[in-house]
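Below: the structure, in structure tokens.
The values are calculated or read from the model by the stated rules, or taken from the named source; none is laboratory data. The shown structure was predicted, so the numbers you read here are calculated from the model rather than taken from an experiment. No Cβ is skipped: glycine too gets one built from the backbone with ideal geometry, and neighbour counts run over all protein chains shown. Areas reflect the complete protein model, heavy atoms only, side chains present, ligands, DNA and RNA absent. Shrake-Rupley method; radii C 1.70, N 1.55, O 1.52, S 1.80 Å.
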Amino acid sequence: MNELYIKIDKVSKQLPDLPKKRSKNLFDILGLERRETINSKLVAYFFSAEEEHGFGTLFFDSLIQIIEENNYLRENLEIFKGAFSVLTEEITRDAKLDENKQKRIDVTLKAENWCIIIENKLYHHLNNPLEAYLNHAKKRTENVLGVILSLESQETKEFEEGKYKFVSITHQELINKVQQNLILSHVDNDTSIFYLREYIKTINSHYKNKMDKPQLDHLVSSIIEQKEAVNDIVKKRLAAILFIEDTIKDVFAERGYKKSDVWYGHPANPDLCFWVTPATEIIESNKIGIAFFLFNDLLSTEGLDSLKEIHLKLEQVASPLFYLDATYDKPNAKRIITYRENDFLNPETNLKTKLSSILDSFYFNPGGIERVVINNLPKYLNYKIASEYQE
């Protein structure tokens, strides 16, 4: 084992493991997982007994149970019963101060003789004008309760010498209680179960992210501790990637194909070209793919007819590593054939020799794939194999 192997092995053993990757939920896919306004709409949806989800007052009953079990209010909980409506983004027009008259309450549960204000928090700090929310709600009823629904427990906020409170309930407490109280046989709507499951997943994902932070902090500290060795490995990895890129470019140039962007184009027409797995992917997976493409004008009717003939001829290629692939990778491109190999390189492999051997054995020999393709393109194109343009 050479010095670099020893260094990589030593550093790897000293670095902590990465946190286990969680699976995505619907809100991750939509990019909405951190949007408090979206989360508040979901909270309101589930709290509303009038919605079609079929959960009735499940969320409301769970909320009241948490308040009761934690003895947040010693009196008047019996008041919070009966039918109620659910509002989102209610504007505080009845606040006392002018600067607070255009604030928005995340979720309001409003009955004839009581009101519950829910301040919904995910990642933002609690710096909202809670007293303004309270004053707005008091214009309609004296029976007002505030709830701070957040990822972490908050201090209870008291107003008017404790007469009014904003009590703290975590998202985890709420979804745990909801799951305890949920009776699936009472819910006929599969879509609603799906919505609830995805909502619970996205709440749990926020806690997973928070739990991962100490582990990631430890990883950062460990990398800084080992910075000299890590930087040396990173520099050598980058040098290896550049070496692979340059070698691939040189090997194709020697056979008449010039690189442009990620393509290696035929000298007569770059619409006949190769694509090779990027060097970073080769380093990470030790896999290589070499695809031969037809692009743009070569995909005219004649070109597509030619592709059928080419595929008939290439069926004779005797290797399980080749795939005849006529699917569109892009609207203007079709693969002619693709070479794929796992375990591409090993410690004894010379990259240029290995790549040259693959290309010369299959693509660039007298009866090889390049000649089959050129011979079956429309004759009026008068193309030659790429190497003949170098003579």
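Given (1) open to solvent by 50 Å² or more (accessible area, probe 1.4 Å); (2) in contact with a strand residue (DSSP E or B) (Cβ under 6 Å, 6 or more places away or on another chain); (3) charged (D, E, K, R), identify the lone condition not met by Asp106.
(1)
Inside segment 339-350, can you point out the residues that are out of contact with any Lys or Arg (no Cβ under 8 Å at 6 or more places or on another chain) and crowded, with 17+ Cβ neighbours inside 10 Å?
Across segment 339-350, the qualifying residue is only Tyr339.
Does Leu126 count as among the hydrophobic types (A, V, I, L, M, F, W, C), touching a strand residue (DSSP E or B) at 6+ places or on another chain (Cβ under 8 Å) and open to solvent by 40 Å² or more (accessible area, probe 1.4 Å)?
In short, yes.
Name the residues in segment 47-67 that are under 32 Å from the mean Cα position of the chain (by Cα) and surrounded by fewer than 18 Cβ atoms within 10 Å (Cβ to Cβ), would you?
Glu51, Glu52, Gly54, listed by residue number.
Which residues, taken from segment 252-296, are within 20 Å of His311 (Cα to Cα), open to solvent by 10 Å² or more (accessible area, probe 1.4 Å) and assigned to a loop (DSSP other than H, G, I, E, B)?
Within segment 252-296, Asp271 is the sole residue that qualifies.
Exactly one condition in (1) open to solvent by 50 Å² or more (accessible area, probe 1.4 Å); (2) closer than 17 Å to His171 by Cβ is false for Lys81; which is it?
The one condition Lys81 does not meet is (2).
Tell me yes or no: at least one residue of segment 175-193 is charged (D, E, K, R), under 26 Å from Ser23 (Cα atoms) and modelled with pLDDT of 85 or more.
yes
Kindly indicate the residue of segment 363-386 that is open to solvent by 30 Å² or more (accessible area, probe 1.4 Å) and in a loop (DSSP other than H, G, I, E, B) and also modelled with the lowest pLDDT among those meeting that condition.
Per the criteria, the residue is Gly367.
Just to be sure I understand, how many residues within segment 356-386 are more than 42 Å from the chain's Cα centre (by Cα) and of a type in the set (D, E, K, R)?
Going through segment 356-386 one residue at a time, the tally reaches 3.
Select from segment 57-81 the residues that are assigned to a loop (DSSP other than H, G, I, E, B), modelled with pLDDT under 90 and out of contact with any Leu (no Cβ under 8 Å at 6 or more places or on another chain) and list them in ascending order.
Taking segment 57-81 and keeping what is assigned to a loop (DSSP other than H, G, I, E, B), we get 57, 70-76, 80-81.
Pick out the ones that are also modelled with pLDDT under 90 and you get 70-76, 80-81.
Listed by number, the residues that qualify are Asn70, Asn71, Tyr72, Arg74, Glu75, Asn76, Lys81.
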